[in-house]
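One structure is given below, encoded as structure tokens.
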């Protein structure tokens, strides 16, 4: 079956720059071979909703029409990748604005924006706020690994996309009840993402309501065991 816009699929891929340097991959071995391995990353086929912007536009468009198991190769121009490099996103800021000394190559935060220091001179710092790969032509080699079907499977996929882990849920008629892990209460990213996740879930035709719930269980009281009689008491 050919992949269509809106389908849930599992996708494996490796992205490269024009010089052949690998910048992203779902394959741990490829990551290690190219010196970009991250111990905290999850190297496995990525679940995406086709046409929803989970990957760059050029790759998203090329996937449509492919069959499950089919391999693809696509060259992605900047305008369908991470955008063109914009000069208005390169700014010069007084060095005294930073609490520590900065140097070229450092990533810095300025008023909630992340940029890379390009140069420092005369007490001023030149910072590039463009996406790291802005202006780059990219290539992707990919495989459509699996088509995800069925409402429950799609809900599982959505929850994992927004949490990075398997989160339990149950479906009751047209309502989905999600059991939220207690530790998520302090996760700012989740507090923002859960609304988006709920909307994604309700885009499924048979789901009209999403409930997020946390369950707390009263711990059992510790059992009190009688102490064994002392040796002297036994002799008596």
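Every number here is computed from the coordinates shown, using simple stated rules; none is lab data. Everything quoted here is computed from the prediction, not taken from an experiment. Here the Cβ positions follow ideal geometry from the backbone for every residue, glycine too, while neighbour counts run over all protein chains shown.
Using label points projected 7 Å from each Cα along Cα→Cβ, tell me how many nm separate residue 193 and residue 134, to one decimal.
Calculated label separation equals 2.5 nm.
Report for the chain the percent antiparallel among DSSP-assigned beta bridges with both residues inside it, nearest 5.
Antiparallel bridges make up about 90 percent of those DSSP assigns within the chain.
In a Gaussian network model over the chain where Cα atoms closer than 10 Å are linked, find which of 215, 139, 26 has the largest mean-square fluctuation.
Looking only at 215, 139, 26, the largest GNM fluctuation is found for 215.
Working out 0.36 nm times the residue gap between residue 5 and residue 149, then minus their Cα-Cα distance, what length gain in nm do you get to one decimal?
Working: separation 144, 0.36 × 144 = 51.84 nm, distance 1.38 nm.
Using 0.36 nm per residue and subtracting the Cα-Cα distance, I get 50.5 nm.
If a/c stays under 1.5 just call it rounded; otherwise compare a/b with b/c (prolate if a/b is bigger, oblate if not). Do that for segment 97-236, with a ≥ b ≥ c from the square roots of the Cα gyration tensor eigenvalues.
Working: a/c = 3.02, a/b = 1.43, b/c = 2.11.
Cα axes put segment 97-236 in the oblate bin.
Using Cα atoms only, what is the angle between the long axis of helix 151-163 and the major principal axis of the chain, expressed in degrees (0 to 90) to the nearest 10?
Taking Cα atoms only, the helix is inclined about 80 degrees.
What order, most packed first, do the peptides 36-45, 143-152 have when packing is the mean number of other Cβ atoms within 10 Å of each residue? Write out the running numbers ahead of the final one.
On the way: 36-45: 11.4, 143-152: 15.1.
Averaged packing, sorted descending, gives the order 143-152, 36-45.
Starting from the Cα gyration tensor of the chain, take the square roots of the eigenvalues, sort them a ≥ b ≥ c, and report rounded, prolate or oblate (rounded when a/c is under 1.5, otherwise prolate if a/b is larger than b/c, else oblate).
In terms of gyration-tensor shape, oblate.
Work out, step by step, the length gained on full extension between residue 114 and residue 211: first 0.36 nm times the residue separation, then minus their alpha carbon distance; give nm to one decimal.
Working: separation 97, 0.36 × 97 = 34.92 nm, distance 3.43 nm.
That works out to 31.5 nm of additional length.
How much length is gained if the chain between residue 28 and residue 86 is pulled fully straight, taking 0.36 nm per residue apart and subtracting their Cα-Cα distance, in nm to one decimal? It would help to have the intermediate numbers written out before the result.
Numbers: separation 58, 0.36 × 58 = 20.88 nm, distance 3.29 nm.
Residue separation times 0.36 nm, minus the Cα-Cα distance, leaves 17.6 nm.
Compute the acute angle (0 to 90°) between the alpha-carbon long axis of helix 188-202 and the principal axis of greatest extent of the alpha-carbon atoms of the chain; round to the nearest 10°.
80 degrees
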